[in-house]
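Encoded as structure tokens, the structure appears first; notes follow it.
The values are calculated or read from the model by the stated rules, or taken from the named source; none is laboratory data. Since this is a predicted model, take the numbers as computed values, not measurements. No Cβ is skipped: glycine too gets one built from the backbone with ideal geometry, and neighbour counts run over all protein chains shown.
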């Protein structure tokens, strides 16, 4: 009995020592119902925390102990909300929260000014906070499979944004501020209620190569009549030709042709 206790203690101590030395804490599929105290106690040592596919419901306020964390992965849990203390994680670059039960995000999300990737698909979000516009370094935003009826006007201030995925929501239109997203390359809005696109989108978003609008009320004729369509079409074809020249493997959906209505 004493031997087993000693071995377990040694095992836990070595695990904590490994986490501290590497900065990587990976506890996928561990049936966790709460954040382990020993992880929160690691404080500034943690760079990556991956708790995918557990049974977490609450993210503790003490998450801000992990002040140097750059990558937070909490996908496939039962999380209903995020604490306001999340905004103190100023080093965070990647946050993946897919497959939870969140209906709102805290305004403090906008304090994560170094964030480059934010994925929150498969939740029950009904809106995004206006503070999301403060994420000036954001490259990828994935809000697919939620209950969004609109996207905030402030999203046009995410000037670095290159890819936006918002499939499988109830979005009806695209904010006019989208025209400010001069680095946007890919916009995916499949399975929504989009019936029109802000008129100058194709003209102003000069990096745009892919627009996917399957199963929306908008018609292809409307899209083709937009100002800047021919320039967009040229960029799309150039991208497509490069894929072929590079012998890109064709997926089950085929090569991305850029315009899908």
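Select from the range 176-187 the residues that are surrounded by fewer than 20 Cβ atoms within 10 Å (Cβ to Cβ) and within 23 Å of residue 147 (Cα to Cα) and list them in ascending order. If the condition is that a residue be surrounded by fewer than 20 Cβ atoms within 10 Å (Cβ to Cβ) and within 23 Å of residue 147 (Cα to Cα), then 176, 177, 186 are the ones that fit. Of all residues in the range 49-81, those that are assigned to a strand (DSSP E or B) and closer than 17 Å to residue 24 by Cβ total 5. In this structure, is residue 258 surrounded by 19 or more Cβ atoms within 10 Å (Cβ to Cβ), over 24 Å from residue 137 (Cα atoms) and either more than 22 Å from the chain's Cα centre (by Cα) or at pLDDT below 90 (or both)? It is true that residue 258 is surrounded by 19 or more Cβ atoms within 10 Å (Cβ to Cβ), over 24 Å from residue 137 (Cα atoms) and either more than 22 Å from the chain's Cα centre (by Cα) or at pLDDT below 90 (or both). Scanning the range 155-175 for residues that are surrounded by fewer than 20 Cβ atoms within 10 Å (Cβ to Cβ), in contact with a helix residue (DSSP H, G or I) (Cβ under 8 Å, 6 or more places away or on another chain) and modelled with pLDDT under 95 turns up just one, 175. Taken over the range 24-43, the criterion of being surrounded by 13 or more Cβ atoms within 10 Å (Cβ to Cβ) and assigned to a helix (DSSP H, G or I) is satisfied by 38, 39, 40, 43. Output the residues belonging to the range 168-200 that are within 15 Å of the chain's Cα centre (by Cα) and in contact (Cβ under 8 Å) with a residue 40 or more places away in the chain. Once the filter is applied, which keeps residues that are within 15 Å of the chain's Cα centre (by Cα) and in contact (Cβ under 8 Å) with a residue 40 or more places away in the chain, the range 168-200 yields only 188.
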